[in-house]
1. Give the peptides 195-206, 441-452 in descending order of average Cβ contacts within 10 Å, highest first.
2. How much of the pair distance distribution for the stretch 1-50 lies past 14 Å, counting alpha-carbon pairs only, in percent?
3. Based on the alpha carbons, how large is the Rg to Rh ratio for the stretch 189-311 when Rh follows Kirkwood?
4. Provide the per residue accessible area, probe 1.4 Å, for the stretch 231-331, rounded to a whole number of square angstrom.
5. Report the trypsin sites (Lys or Arg not before Pro) located in the stretch 34-105 that are in a DSSP loop and have at most 16 other Cβ atoms inside 10 Å of their Cβ, or state none.
6. Computed FRET efficiency, Cβ-Cβ of residue 432 and residue 510, R0 41 Å: what is it to the nearest 0.05?
7. Translational diffusion coefficient of the stretch 48-191 at 20 °C, 1.002 mPa s, Stokes-Einstein with Kirkwood Rh over Cα pairs, in µm²/s as a whole number.
8. Using the basic label-point model (7 angstrom from Cα toward the beta carbon), what is the residue 152 to residue 25 distance in nanometres?
Amino acid sequence: MYGVRYVHTFFVLYAFTVAAFMVSDGEPIRNALIQATSIAACFFGGLYSSLLVYRLFFHPLNKFSGPLGARVSSFWLSLQLRNADSHKKLLKLHEEHGDFVRVGSSDLSIVHPKAVEAIYGLGTKCIKGDWYDLTLPMVSLQTTRHKATHDRRRRLWSTAFSDKALKGYEERISRYQQRLIAQVSSFGGQPVNVTTWFNLYSFDVMGDLAFGSSFNMLETRSEHWAIKLLNEGVEPLSFMFPTWFFRMLVNIPGLATDWWRFIGYCWQKLDERMSTKVDIPDVMSALLAPWKDKRPEGGDLEILQGDSQLIVVAGSDTTAATLTTVMYELARRPDHISRLREEILPYVTKTGEIPHQRIQYLDHLNGVINETLRLHPPVPSSLQRKTPTEGIEIDGVYIPGNMTVFCPQYVIGRNEDVYQNARAFIPERWYSRPEMIKEKKAFAPFSTGSYGCIGRPLALLNVRTTIAKLIMEFDVSFAPGEDGMMLEANTRVHFTAGLGELNLVFKRRQP
Ligand code: HEM
């Protein structure tokens, strides 16, 4: 947290040393500068050579395999991520080094079948890693590292996802589903880049649920300026820089402007939302409930501001990515579309509605969604946790205390020790072929435990109903020349996955 302060302190001391040589020894400025620079060089030489010797020969993570560069510095991984493809790089590293890979001086990536439960599960002693301090002093539910404070805040959030609240969200969401269907229909069988359209749709939905009004992106057929800023602002996250370095970067004037302008926009929308009454409660209604007609101030307002942007950021990209990848898998395998239609048809009402309550437990629909989330997790790479001082043990392997650990879901989803025939898309493994899942607790696209995704029921409601409506309304196939390669090749991971283009053709089905 003190990187900038160290830099300032260094320059103050350096200037003081130069001045001391000039005043007390009467040295000319050139000599004073040379002497002060030599002292600084000795200091840094000593500091970094001792650090290097420690990391190479005495560090408690030395027993774990990993590239030599990663042992020496956590920047090694950042240097590999020029294409923002941490998920693929981590897959390659695990193929070379096994289940436990040292990816930084104090960082371990782990894909052992028992690791998810040990690191994220309810009984874990691991806490959120220092990555979550990136946006300090702004905090949200997700970036609250203090366990008791987080638990308190989470209790309030949980009221936003009751069955009654979800029913209201379904009604709100259905307006955007109608708009999405109308827009897709307007293409008249020409290719639709669903990556873009599901993004417009998901941000509209989450804007509506956060602020009572959408970003109007489906109507305007384009990205709202604030969402553009958000997408540009999160790009640097793809490098997985050490947190101290990231904190220093964001302190450079101008470098984090896009991100903070997006945050400023959310604060302004929150302000408007606090003076509005909504007909059907949104997520924000639950977070505002404790204040009734009062206006929150000070720290209470700050956490609300943090949470208002979290609703949009946490719920949009992730849902959009899931919708896109489900459609991708279905377009590759039209037989699953037929099976889904057979399964869903009995639950379509006379007026053509598909209520979530009727389809939420359908085996094949849930199987398709789970299988997609397994192979294309929207948060594919790193959810940092810190091990407790006494360390933890995973299936007999001891991991020392105060180390940063994470379990990349993208790699776990492809691990044969966790899933049989891991690279194949087999929805049945989730209901009629349980032997194909060797460790169910390793499946955690929403994470798990007390920091797991609180919006999961809303996300699943949205994905189930949107997919059901689209495939009942349209025949879906790859556009001419499309094979899904761009989707995979151009995916950029900046905590969540920003997917590459996917062009599909939607043709209205005959009644
Ligand atoms: C398919 C869609 C979604 C996926 C895959 C997903 C995934 C995740 C993951 C992996 C986390 C853990 C993050 C961490 O530990 O840092 C998380 C947290 C969270 N998600 Fe989601 N999410 C989805 C949709 C949503 C939606 C629709 C909302 C609604 C607002 C939401 C709200 C949250 C919140 C508030 C947290 C922080 C929870 C906490 O720290 O206690 N998510 N999500």
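1. Details: 195-206: 25.7, 441-452: 19.3.
In descending order of packing, they fall as 195-206, 441-452.
2. Values: 701 of 1225 pairs.
Value for the stretch 1-50 (Cα pairs over 14 Å): 57 percent.
3. Details: Rg = 16.6 Å, Rh = 16.2 Å.
My calculation puts Rg/Rh at 1.03.
4. Accessible area per residue, the stretch 231-331: 44 Å².
5. Working: sites: 55, 63, 71, 82, 88, 89, 92, 102; in loops: 63, 82.
Filter output for the stretch 34-105: 63, 82.
6. Details: r = 32 Å, r/R0 = 0.77.
For residue 432 and residue 510, the calculated efficiency is 0.80.
7. Values: Rh = 19.7 Å.
The calculation lands on 109 µm²/s.
8. Inter-label distance under the simple model: 5.5 nm.
The values are calculated or read from the model by the stated rules, or taken from the named source; none is laboratory data. This is a predicted model, so every value here is computed, not measured. For neighbour counting, all protein chains shown are included, and Cβ atoms are generated from backbone atoms with ideal geometry for every residue, glycine included. We work out accessible area using only protein heavy atoms, side chains counted, and drop any ligands, DNA or RNA first. Shrake-Rupley method; radii C 1.70, N 1.55, O 1.52, S 1.80 Å.
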